[in-house]
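**Q** Sharing a structure, written as structure tokens. Questions coming.
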Amino acid sequence: QVQLVESGGGLVQPGGSLKLSCAVSRNIFSFSAVGWYHQAPGKQRELVARAPFLGSLTYVGSVKGRFTLSTDSAKNTVSLQMNNLKPEDTGVYYCYGSGGGVDYWGQGTQVTVSS
């Protein structure tokens, strides 16, 4: 059973920063891709950043230039550094890993950007 556990969410003021971490229970190189999704209140889950292990790192939409995805193969973690946060970044952030035709998801971590 593959487990992904996110941490690092919280309440932050606009313009602030947070770093989300995702601990993965198996070697992250066993996945074809890892990444993060964002689900804003009342909306569908949307891709934020994706790191395929064969290919280029991709950021989607307004997070470009503000968010940075990184991986640590020694610790089997996937992180998301979020800078210059905006109120529209509020929501639940989910870590995922894709491999063997299966998508694995964490339980999500709440991020609230508000003054």
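**Q** What are the residues in the range 82-115 that are open to solvent by less than 30 Å² (accessible area, probe 1.4 Å), of a type in the set (A, V, I, L, M, F, W, C), over 15 Å from E6 (Cβ atoms) and out of contact with any helix residue (DSSP H, G or I) (no Cβ under 9 Å at 6 or more places or on another chain), if any?
**A** Answer for the range 82-115, where residues must be open to solvent by less than 30 Å² (accessible area, probe 1.4 Å), of a type in the set (A, V, I, L, M, F, W, C), over 15 Å from E6 (Cβ atoms) and out of contact with any helix residue (DSSP H, G or I) (no Cβ under 9 Å at 6 or more places or on another chain): just L85.
**Q** Exactly one of (1) surrounded by 13 or more Cβ atoms within 10 Å (Cβ to Cβ); (2) of a type outside the set (A, V, I, L, M); (3) out of contact with any Asp or Glu (no Cβ under 9 Å at 6 or more places or on another chain); (4) within 15 Å of V12 (Cα to Cα) is unmet by Y59. Its number?
**A** In the conditions (1) surrounded by 13 or more Cβ atoms within 10 Å (Cβ to Cβ); (2) of a type outside the set (A, V, I, L, M); (3) out of contact with any Asp or Glu (no Cβ under 9 Å at 6 or more places or on another chain); (4) within 15 Å of V12 (Cα to Cα), Y59 misses (4) alone.
**Q** Please go through (1) at negative phi; (2) not in a strand (DSSP E or B) for Y94 and return the number of the only condition it doesn't satisfy.
**A** Unmet condition: (2).
**Q** Return yes or no: is E6 assigned to a helix (DSSP H, G or I), in contact (Cβ under 8 Å) with a residue 40 or more places away in the chain and either closer than 30 Å to S115 by Cβ or basic (K, R) (or both)? Write out each step before concluding.
**A** On the way: assigned to a helix (DSSP H, G or I): no; in contact (Cβ under 8 Å) with a residue 40 or more places away in the chain: yes; either closer than 30 Å to S115 by Cβ or basic (K, R) (or both): yes.
Criteria not met by E6.
**Q** Is it fair to say R26 is assigned to a strand (DSSP E or B) and more than 15 Å from V111 (Cα to Cα)?
**A** Working: assigned to a strand (DSSP E or B): no; more than 15 Å from V111 (Cα to Cα): yes.
Spelling it out, it is not the case that R26 is assigned to a strand (DSSP E or B) and more than 15 Å from V111 (Cα to Cα).
**Q** Note down all Cβ pairs under 6 Å where the first residue falls in the range 17-38 and is under 19 Å from R66 (Cβ atoms), the second is charged (D, E, K, R) and open to solvent by 60 Å² or more (accessible area, probe 1.4 Å), and they're at least six residues apart or on different chains.
**A** Qualifying pairs under 6 Å: G35/R50; Y37/R45; H38/E46.
The values are calculated or read from the model by the stated rules, or taken from the named source; none is laboratory data. Model, not experiment: these values are computed from the prediction. Cβ atoms come from the backbone with ideal geometry, glycine included; neighbour counts cover every protein chain shown. Surface areas here come from the heavy atoms of the whole protein model, side chains and all, with no ligands, DNA or RNA. Shrake-Rupley method; radii C 1.70, N 1.55, O 1.52, S 1.80 Å.
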